């Protein structure tokens, strides 16, 4: 496991064929066409099952490591998120990394570091941290949002179809359900502001 900074994570993603946009948002050129969403569970065992499925969706032998880039891990009250920080920083210290999450917020995992990546991914999902997971191979990535939505993005429709089929039991949707839920509220707000003018 190698801990890296955001600047190094950007370079890693560019080498993996991704575009890194404003606010470090990752995408493929045609990303709006090749994505779907899954809602992250809240129960710990289901989180562990989902993160395992993410890491092994093509089979356990296909695991090749990857990048886990924490972007907003201070969401929530400090008393509630510090245990997650402690877990991640303790795993990092066990691997010889003494820098804090603030100093270096991304990790690159080798193909023999499945358990470490699984533990990191569990924390990111459980605490609702904004995070990106980019496997070393596979031509897809996942963006974990703070509204418990996970965006699966693929370079090709074939890979996206393979992901959607594999994650069918997690009820994938084409649009972020939170954005869909907020749309009527936003329309109502806009209508009221137009009427007030």
- Note on the structure: If each part is reduced to its alpha-carbon centroid, the stretch 95-131 and the stretch 1-72 end up apart, in Å, by 11
- Taking the chain and dividing mean pair separation by its residue count, relative contact order in percent (alpha carbons under 8 Å, at least six apart): 30
- Message: Can you give me the angle between helix 6-15 and the longest principal axis of the chain, using Cα atoms only, in degrees from 0 to 90, rounded to the nearest 10?
- Response: 90
- Note on the structure: Note to self, the chain gives a 222 nm [θ] from helices alone (DSSP H runs n ≥ 4, -39500 (n - 2.57) apiece, / all residues, nearest 500) of -14000 deg cm²/dmol
- Tilt relative to the chain, helix 78-94 - C-alpha long axis, 0 to 90 degrees, to 10: 30
- Approximate spin-label separation residue 188-residue 158, in nm, with each point projected 7 Å along Cα-to-Cβ: 4.6
- Label-point gap, in nm, between residue 79 and residue 11 - each point 7 angstrom along Cα→Cβ: 4.2
- Item | Label-point separation in nm, residue 56 to residue 23, each point 7 Å along Cα→Cβ | 3.5
- Message: With Cα Rg over 2.2 N^0.38 Å as the read-out, I listed (1) 1.07; (2) 1.30; (3) 1.18; which label goes with the value calculated from this structure?
- Response: (1)
- Tilt, helix 177-196 to longest principal axis of the chain (alpha-carbon atoms), in degrees rounded to tens, equals 40
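With r as the distance between the Cβ atoms of residue 165 and residue 44 and R0 = 25 Å, compute the FRET efficiency 1/(1 + (r/R0)^6) and round to 0.05.
Numbers: r = 26 Å, r/R0 = 1.05.
So, using R0 = 25 Å, E works out to roughly 0.45.
Taken together, the values in this text are just the output of simple stated rules run on the coordinates, not laboratory data. As the structure is a computational prediction, the values presented were derived from the model and not from experiment. Using ideal geometry, Cβ is built from the backbone for each residue, glycine included, and neighbour counts are taken over all protein chains shown.
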